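Engineer: Sharing a structure, written as structure tokens. Questions coming.
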Amino acid sequence: MQTKNFNYQSANIFYRVTGSGKPVVLMHGFGEDGTIWDKQINFLQAHCRLIIPDLPGSGQSDCIAD
């Protein structure tokens, strides 16, 4: 699994990428982070490329000022 970051509106946004095939983005809900998907990753990564972000203000991603 690769961990990556990108910068959006001066905030660092964290995400993980694993697997191969068609891309699927796994989005978490309010008050959670991308680790909510950890139990599903082993099965899903054999079938698709998973992109698992920590949405702004969650997990390892910074808040976006507004």
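Engineer: Based on the Cα atoms of the chain, what semi-axes does the equivalent ellipsoid have, where each is the square root of 5 times one gyration tensor eigenvalue, given in whole Å with the largest first?
Structural biologist: On the way: eigenvalues 101, 32, 14 Å².
Over the Cα atoms of the chain, the semi-axes work out to 22, 13, 8 Å.
Engineer: Quote the relative contact order of the chain in percent (integer), defining contacts as alpha-carbon pairs under 8 Å separated by 6+ residues.
Structural biologist: Details: 128 pairs, mean separation 25.4, N = 66.
This gives 39 percent for the chain.
Engineer: What is the gain in length, in nm to one decimal, between N7 and E32 on full extension, counting 0.36 nm per residue of separation less the C-alpha to C-alpha distance?
Structural biologist: Details: separation 25, 0.36 × 25 = 9.00 nm, distance 2.07 nm.
So the chain would gain 6.9 nm between N7 and E32.
Engineer: Turning to a different aspect of this structure: Can you pull out the chymotrypsin sites (Phe, Trp or Tyr not before Pro) in segment 1-55 whose DSSP state is coil and whose Cβ has at most 15 other Cβ atoms within 10 Å? Before the final figure, lay out the partial values.
Structural biologist: On the way: sites: F6, Y8, F14, Y15, F30, W37, F43; in loops: F30.
Filter output for segment 1-55: F30.
Engineer: Could you point to the residue in M27, L44, T3 farthest towards the positive end of the chain's charge dipole, with +1 and -1 charges on the Cβ of Lys/Arg and Asp/Glu respectively?
Structural biologist: Farthest along the dipole direction, towards plus: L44.
Read the figures in this text as sums done on the coordinates, not as results from a lab. Not measured: the values here are computed from a predicted model. Quick reminder, even Gly has a Cβ in these numbers, built from the backbone with ideal geometry, and neighbours come from all protein chains shown.
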